[in-house]
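To start, the structure itself, in C-alpha cells.
Coordinate-derived values only; no laboratory data. Everything quoted here is computed from the prediction, not taken from an experiment. As a convention, Cβ positions derive from the backbone with ideal geometry for all residues, glycine included, and neighbour counts pool all protein chains shown.
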Amino acid sequence: MPTGSADHRDRGASIGIYNRGTLRVYDVGVLGVTNTLIWRCPTRTLVDHYRSHAGPAHLDIGPGTGYFLERIDSPWITMVDLNHASLAAAEARIGSGKQVERIQQSFFAPLGDERQFDSIGLNFLLHCIPGHAKWDRLAELRRHLRPGGTVFGSTVLPSPATANPAARLLNRTYNRVGVFGNAEDTMADLDAALAGMAGVRTRQVGQVALFSARRPE
Ligand SMILES: C[S@@+](CC[C@H](N)C(=O)[O-])C[C@H]1O[C@@H](n2cnc3c(N)ncnc32)[C@H](O)[C@@H]1O
C-alpha cells in the first residue's frame, strides 16, 4: 500500500483492528490497563477532558467503543468513523434519549460545508493515522465549529525521554504492524494545527498529548 495513499492513511480504521471481538476487550485492555500502566495517562484524566469540553451538538471522530460518548451529556451526537463495527458499538453504548447520527467515512473525507457543531472530539484517533496530512485535516476541522466551539482530544505522542521500556516497545510494535502511525508525530505538529484558534491548550501526560482549542467568536 503506497505511503500517502488514501488506503494507507486510513489503515487504522481497518476491520482487522477494530471488530466486534477486539472492541469487546478494548475498554479493559486499552482504557483499563494500557493507559495507566504503559502510557501513564489514566483514563479518568481523559474522561474529565471529555466532560469539560463536549458541547450540546457534539461531533466525535473515531468513537471506538463509545466509552467516552457514554460519559458526556451532549443531547446531539454525530459520529464519523470508517469502521462500521465501531459506529455500531458506539451507538449501542450511547443509550436512549439522545439524537445520534452515524457517518461512515474517513477522517479525511469532507463533511458538508453547512455542518457545524459546538464541539469536535478526536480521542486516540490521530495516533492511528500515519503521515503528515492528518495535521492539515485537523486544522481544517475548525470550519465545522460554531463560533466559540471547541475541538479537543488526545493522542499517544511518543516521548522517549519519559517512556518506560514497555511504552517504547508497544509504540514501536504498533507502528510496525500498522495499528499506530505516530512515529513521526511531535507536539510542534499539534501546536501548528491549532495555531490561530483561541484558548489553545496542549499538555503532555505520560505518553499522551491532550489538546483543546476554540474557534474565535
Ligand atoms: C483507538 S480507537 C479510539 C476510540 C475512542 N475514541 C477512544 O478513545 O476510546 C480509534 C478509532 O478511530 C477510527 N479510525 C482510525 N482511523 C480512522 C480514519 N482514518 N478515519 C476514520 N476513522 C478512523 C477507528 O475505527 C476507531 O474507531
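Okay, here's what the table says:
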{"quantity": "Enumeration of residues in the range 109-133 that are near the ligand (Cβ under 10 Å from one of its atoms), more than 13 Å from the chain's Cα centre (by Cα) and not aliphatic (A, V, I, L, M)", "calculated": "P130"}
{"quantity": "The range 149-183, subset closer than 28 Å to I120 by Cβ and hydroxyl-bearing (S, T, Y), residue surrounded by the most Cβ atoms within 10 Å (Cβ to Cβ)", "calculated": "S154"}
{"quantity": "Options L69, L59; residue that is in contact with a helix residue (DSSP H, G or I) (Cβ under 9 Å, 6 or more places away or on another chain), away from the ligand (no atom under 11 Å from the Cβ), in contact (Cβ under 8 Å) with a residue 24 or more places away in the chain and within 29 Å of G112 (Cα to Cα)", "calculated": "L59"}
{"quantity": "Flag if G112 is over 24 Å from P216 (Cα atoms), surrounded by fewer than 13 Cβ atoms within 10 Å (Cβ to Cβ) and not charged (D, E, K, R)", "calculated": "no"}
{"quantity": "Qualifying positions in the range 27-50 - hydrophobic (A, V, I, L, M, F, W, C) and not in a loop (DSSP other than H, G, I, E, B)", "calculated": "V28, V30, L31, V33, L37, L46, V47"}
{"quantity": "Search result, residues across the range 120-156 that are touching a His at 6+ places or on another chain (Cβ under 7 Å) and more than 13 Å from L59 (Cβ to Cβ)", "calculated": "P130, S154, T155, V156"}
{"quantity": "Filter pass, F211 being away from the ligand (no atom under 13 Å from the Cβ) and out of contact with any Asp or Glu (no Cβ under 6 Å at 6 or more places or on another chain)", "calculated": "yes"}
{"quantity": "Filter pass, T22 being β-branched (V, I, T), within 14 Å of the ligand (Cβ to nearest atom), out of contact with any strand residue (DSSP E or B) (no Cβ under 8 Å at 6 or more places or on another chain) and under 30 Å from P165 (Cβ atoms)", "calculated": "yes"}
{"quantity": "Meets criteria (closer than 27 Å to P42 by Cβ and more than 16 Å from the ligand (Cβ to nearest atom)) for R172", "calculated": "yes"}
{"quantity": "Check on S119, in contact with a Cys (Cβ under 8 Å, 6 or more places away or on another chain), closer than 24 Å to N83 by Cα and among the polar types (S, T, N, Q)", "calculated": "no"}
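Matching residues to (1) out of contact with any His (no Cβ under 9 Å at 6 or more places or on another chain); (2) not aliphatic (A, V, I, L, M):
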residue: W39; (1), (2): yes, yes
residue: H58; (1), (2): yes, yes
residue: P63; (1), (2): yes, yes
residue: L82; (1), (2): yes, no
residue: I94; (1), (2): yes, no
residue: V100; (1), (2): yes, no
residue: F107; (1), (2): yes, yes
residue: L111; (1), (2): no, no
